[in-house]
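Here the structure comes first, spelled out in structure tokens, and everything after it is commentary.
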Amino acid sequence: MLDLSRLRALHAISVHGSVAGAAAALGYTPSAVSQQIAKLERETRTTLLERRGRGVALTEEARHLAETARELLAIVERAETTLEERRGQPSGLLTVAAFASAARGLLPGVLAALARRHPALDVRLTEVDPHLSVDLVARGVTDLAVAHDWDIAPLPAPEGVEQAVIGDDPCDLVVPHDHPFTARAVIRRADLGGQRWVCQPPGRVCHDWLMRTLRTAGFEPDIAHVAEENHTIVALVAAGLGVAVVPRLGTGALPPGAVAVPLEPGPVRRLYALWRTGAARRPAITEAVRTLQEHWARAASGRLAAPLPGDLPSVRGAGGTARQ
């Protein structure tokens, strides 16, 4: 009899391409994942992983077994969904993947609310690149994802994956405090030529939007500085090193030296929750999506510094009394 947890480890390696990636997704150590695979190899009397340089690759037999594991895990998910639906209460493990600014600006309050309202529900968050999240849901690696799209890059929803809109996240043009744009009532895209830009690396939607927008307006972008995090981008702008287009979610208050100016038409990215069709009836999914939408209004305005009142789980203090 094949052990489901070992099949899950093999499936995770097939999705993430490495033992380390599988371990991060499953919440294990790489050593624990390797031990699971070693036991599965002994059970099946089959070599499943081959060394390739510093990494590993699945053998042909392992790829077939990983596909079977995917089918079995889908069956287990449907069974768990049915049981949870019959109980009528969110419970069990719910894995959530979110991009960085959502993980910082939206998810803390959402997770705290779910923990207080549904103590039988164990929600685990992983921060991932936004372009990976849809595939993680489709492959059964994560239960729920928070992702986004822009007008130039609609979010793909493959067969078997459902989605719901969380809300729209406006983006600001952020400039140094002494920039000439601060004296203007409105900035149009045709005005953006000749600027030095700070933006995310190539391949990110923000970067691609900037390149396409400026080139459509007849300008070749001058990318002066590249940074992963919006906070770093804003800090570079505040230092007078360029201008940037920055989503509001997760950015928070601008530091001294940086000013947001109105850009028309302003770019907007739309946030979605995504889950597998087979889990659509699961109370944990429906409650998590509802809570995401509930918290969106405060998060989008940058005011979600702390969970909503009453959403913090009770913690026992040293004196034995419960505190919020």
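The values are calculated or read from the model by the stated rules, or taken from the named source; none is laboratory data. These figures come from a predicted structure and were not determined experimentally. Cβ placement follows ideal geometry from the backbone for every residue including glycine, while neighbour counts extend to all protein chains displayed. Just so you know, the surface numbers come from the protein's heavy atoms only, side chains and all, with ligands and any DNA or RNA stripped out. Shrake-Rupley method; radii C 1.70, N 1.55, O 1.52, S 1.80 Å.
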With the first residue restricted to segment 78-100 and required to be without any contact (Cβ under 8 Å) to a residue 12 or more places away in the chain, and the second required to be among the polar types (S, T, N, Q) and surrounded by fewer than 17 Cβ atoms within 10 Å (Cβ to Cβ), Cβ contacts under 7 Å at 6 or more apart or on different chains are none
* To do: Tell me, yes or no, whether segment 236-254 has at least one residue that is under 26 Å from LEU271 (Cβ atoms), surrounded by 14 or more Cβ atoms within 10 Å (Cβ to Cβ) and without any contact (Cβ under 8 Å) to a residue 60 or more places away in the chain.
  => yes
query = Do we have ALA145 as open to solvent by 10 Å² or more (accessible area, probe 1.4 Å) and either without any contact (Cβ under 8 Å) to a residue 12 or more places away in the chain or among the small types (Gly, Ala, Ser) (or both) here?
reply = no
Practice item. Determine if segment 40-58 includes at least one residue that is part of a loop (DSSP other than H, G, I, E, B) and surrounded by 15 or more Cβ atoms within 10 Å (Cβ to Cβ). Key: yes
The condition from (1) over 20 Å from ASP191 (Cα atoms); (2) in contact with a Lys or Arg (Cβ under 8 Å, 6 or more places away or on another chain); (3) modelled with pLDDT of 90 or more; (4) not aromatic (Phe, Trp, Tyr) that GLY278 misses is numbered (3)
Note on segment 78-102: residues among the hydrophobic types (A, V, I, L, M, F, W, C) and open to solvent by less than 40 Å² (accessible area, probe 1.4 Å) are LEU94, VAL96, ALA97, ALA98, PHE99, ALA100, ALA102
ask   = Would you call ASP178 part of a strand (DSSP E or B), in contact (Cβ under 8 Å) with a residue 60 or more places away in the chain and among the charged types (D, E, K, R)?
value = no
Just checking, does segment 186-195 include any residue being closer than 29 Å to THR95 by Cβ and of a type in the set (Gly, Ala, Ser)? no
Scanning segment 149-186 for residues that are among the β-branched types (Val, Ile, Thr) and under 31 Å from the mean Cα position of the chain (by Cα), the one surrounded by the fewest Cβ atoms within 10 Å (Cβ to Cβ) turns out to be VAL165
Taking segment 1-22 and keeping only residues that are over 19 Å from VAL134 (Cα atoms) and without any contact (Cβ under 8 Å) to a residue 12 or more places away in the chain, one is left with MET1, ALA20
From the option list VAL137, VAL110, VAL128, single residue qualifying as in contact with a Phe, Trp or Tyr (Cβ under 8 Å, 6 or more places away or on another chain) and open to solvent by less than 20 Å² (accessible area, probe 1.4 Å) is VAL137
